[in-house]
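S.K.: I'd like to ask some things about the structure below.
The values are calculated or read from the model by the stated rules, or taken from the named source; none is laboratory data. For clarity, every value in this text was computed on a predicted model and none was experimentally measured. Here the Cβ is made from the backbone with ideal geometry for all residues, glycine too, and neighbour counts use every protein chain on show.
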Amino acid sequence: MATIRDVARLANVSPTTVSATLSGKAPVSEELKKRVWDAVEKANYRPDPLAQNLRRGSTMTVGFIAPDIATPWASHLARAVQKSLADRGYNMLLASNEDDPERELRDIALMINHRVAGLIIAPTSLGDGYAASFADAVTCPAVLVDRVVAPEKFDIVADDNELGGTLLADYLIRLGHKDIAFLVGRPGISASYERFEAVRKVLTDAGRPLGDSFVRHAIHTVEGAYTAVQELMAQPERPTALICISNPQIQGAMAGLMNMGMRVPDDVSVVCFDGFNPPEGWSPLITCLVQDTVSISDVAVDRLIDRIGKVDLGAPGITRIKPKLRVGTSSALA
């Protein structure tokens with residue numbers, strides 16, 4: 001295998017000149033550039049990426065850490081982040097922790113030890129003292145997506161949950177719904193409560209406040225949603241519409257309603273914050289908010305690369321990306 005010294009000998013220059021030409025980090029005359037690149041081609045020289053990484057102190061690889069890559073939003077976001085990074089000359093290293101904060105911390109340490117240039121993380125946000133432990137663990141440039149943790153330290157790119165809540169609540173109000181139920185997600189997750197508070201505000205302002213009996217908290221699994229929706233619909237006064245915030249919730253809710261012999265939207269309208277995938281075979285098509293994963297990934301990657309390059313961006317900030325309402329066939333007039 002050819003070495004940089006072989007190239008230098010063929011070009012009749014020093015190894016330092018070859019290195020400067022290949023890296024582009026030092027001025028080299030056009031005549032010398034041509035000699036070096038001709039020699040590179042003649043010698044069939046390929047730079048050693050490991051050696052380059054050691055000299056730089058980092059790689060051209062960014063780590064992406066997600067709570068559960070099996071969920072549609074995480075897999076779609078991972079694909080979008082990978083494309084955004086590839087378009088900018090970076091590779092992606094992926095880790096999924098199944099919402100386990102201890103595994104998340106281990107993944108962070110492992111990636112930093114492998115000298116990733118930076119991290120893009122959808123944090124688990126779970127446990128007492130989580131934010132402090134998380135902030136201490138992340139010792140390289142990092143951008144967070146989807147969830148807000150330690151905003152004084154990290155740039156964050158997330159859905160505009162206030163807009164999303166307004167879009168869904170206004171849509172149900174226009175359909176005439178007054179008795180609306182809401183499945184709140186896992187405690188500690190910023191997106192769960194941002195969505196809940198946004199919907200609650202719109203409905204309160206419209207004179208149709210969410211009743212306590214129509215709200216179920218800490219619903220973050222298919223099984224939990226399955227049970228919760230049957231409890232809601234078994235009440236003497238039952239809701240005419242149901243708002244879910246995640247794909248696991250919508251799957252459990254639809255199964256629970258089916259088990260009760262209830263039809264959507266004839267017996268109850270159902271809407272969801274997370275975009276649902278029609279190819280998965282669900283009928284009716286769920287009215288939902290569609291997350292702009294392309295914009296989220298592009299903004300997150302650009303911000304991270306700027307942080308890696310030490311561009312003066314000022315203090316960390318939160319960037320909100322607008323979702324869009326996709327009206328399906330799961331909702332109807334009250």
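S.K.: Kindly check whether there is at least one residue in the range 218-226 that is surrounded by fewer than 16 Cβ atoms within 10 Å (Cβ to Cβ), within 19 Å of V327 (Cβ to Cβ) and either modelled with pLDDT of 95 or more or not assigned by TED's automatic domain parsing to the domain that holds G165 (or both).
M.R.: Scanning the range 218-226, I find no residue that is surrounded by fewer than 16 Cβ atoms within 10 Å (Cβ to Cβ), within 19 Å of V327 (Cβ to Cβ) and either modelled with pLDDT of 95 or more or not assigned by TED's automatic domain parsing to the domain that holds G165 (or both), so the answer is no.
S.K.: Return the total of residues in the range 150-209 being small (G, A, S) and either part of a strand (DSSP E or B) or surrounded by fewer than 17 Cβ atoms within 10 Å (Cβ to Cβ) (or both).
M.R.: Residues of the range 150-209 that are small (G, A, S), as a first pass: 150, 158, 164-165, 169, 176, 181, 185, 188, 190-192, 198, 206-207.
With the extra rule that they be either part of a strand (DSSP E or B) or surrounded by fewer than 17 Cβ atoms within 10 Å (Cβ to Cβ) (or both), the set shrinks to 158, 176, 181, 206-207.
The qualifying residues number 5.
S.K.: Which is of a type in the set (A, V, I, L, M) and touching a Gly at 6+ places or on another chain (Cβ under 9 Å), of A206, A234, A191, A253?
M.R.: A191
S.K.: Which of the residues that make up the range 279-334 are closer than 19 Å to P72 by Cα and charged (D, E, K, R)?
M.R.: Listed by number, the residues that qualify are E280, D292, D298, K322, K324, R326.
S.K.: If you scan the range 113-134, which residues turn out to be assigned to a helix (DSSP H, G or I) and out of contact with any Leu (no Cβ under 8 Å at 6 or more places or on another chain)?
M.R.: N113, Y130, A131, A132
S.K.: Looking at this structure, is L257 buried (at least 18 other Cβ atoms within 10 Å of the Cβ), out of contact with any Ser or Thr (no Cβ under 6 Å at 6 or more places or on another chain), assigned to a helix (DSSP H, G or I) and in contact (Cβ under 8 Å) with a residue 24 or more places away in the chain?
M.R.: It is true that L257 is buried (at least 18 other Cβ atoms within 10 Å of the Cβ), out of contact with any Ser or Thr (no Cβ under 6 Å at 6 or more places or on another chain), assigned to a helix (DSSP H, G or I) and in contact (Cβ under 8 Å) with a residue 24 or more places away in the chain.
S.K.: In the list D266, D312, which residue meets the criterion of being surrounded by fewer than 14 Cβ atoms within 10 Å (Cβ to Cβ), acidic (D, E) and modelled with pLDDT of 95 or more?
M.R.: D266
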